[in-house]
Amino acid sequence: MKKITLNLILILTLTSLLSAATIVVDLAGGGDYTSIHEAVENASDHDTVLVMSGTFIISATDGGITVDKTLHMLGSGYDAPEDGGTFIQSATSVFDFTSNADGSTIRGFRIYGYGAPMISILADDMIIEENHMTNSYNQGYIMQISSASSDTLRNNIFGFNGPGYRPGISVSQTTDVT
């Protein structure tokens, strides 16, 4: 009986992983969506949202992108768009990962923000790597990690724009940030 239960769990896990989709966001119209907001809203748990090269503007009217499921957010790298990178310019927060987004990934973005924090994380087991984040606002943080555990921050570049500006990461109630 124990072997049957383990096999059933394995089959259900593999089925879930195999059913995950890759959703492409392309400003030129060659993907599934031209908006990151739309792609995230229409994605299912464990999908990959692949954001192609280009400059994406997030206005204060649009608001930040709320990720409330496990998603793998992949940009084409933090180079300038003319060199193939994915650039997000925002007047508000960019990504807000809720507690329902445990296990999500954000990789390969260049983010320039006028508001802080640009990335807010309430999820556990996040991987944030290979991003370039610059903030031009003199209040708050580039990234805020709250009530999370076992998050990995790896190979990111954090910057600021101008004298007196202070980039930073706020980490609170976190048990393990690598």
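Distance between the pseudo-spin-label points of Ala20 and Phe158 (7 Å out from Cα toward the beta carbon): 2.7 nm. Residue ranking by accessible heavy-atom surface, 1.4 Å probe, largest first, among Phe95, Phe87 comes out as Phe87, Phe95. Extension gain for the segment His37 to Ser99, taken as residue separation times 0.36 nm less the Cα-Cα distance, is 20.5 nm to one decimal. If you take every residue apart from Tyr78 with its C-beta less than 12 Å away from the C-beta of Tyr78, what net charge results, scoring Lys and Arg +1 and Asp and Glu -1? Within the 12 Å Cβ shell, the charges total -2. The accessible area of Ser99, taken with all protein chains in place and a 1.4 Å probe, comes to roughly 70 Å².
The values are calculated or read from the model by the stated rules, or taken from the named source; none is laboratory data. The structure presented is a predicted model; accordingly, all values stated were derived computationally and were not measured. Don't worry about glycine lacking a Cβ; one is built from the backbone with ideal geometry, like all the others, and counts go over all protein chains shown. Side chains included, ligands, DNA and RNA excluded: accessible areas come from the protein's heavy atoms. Shrake-Rupley method; radii C 1.70, N 1.55, O 1.52, S 1.80 Å.
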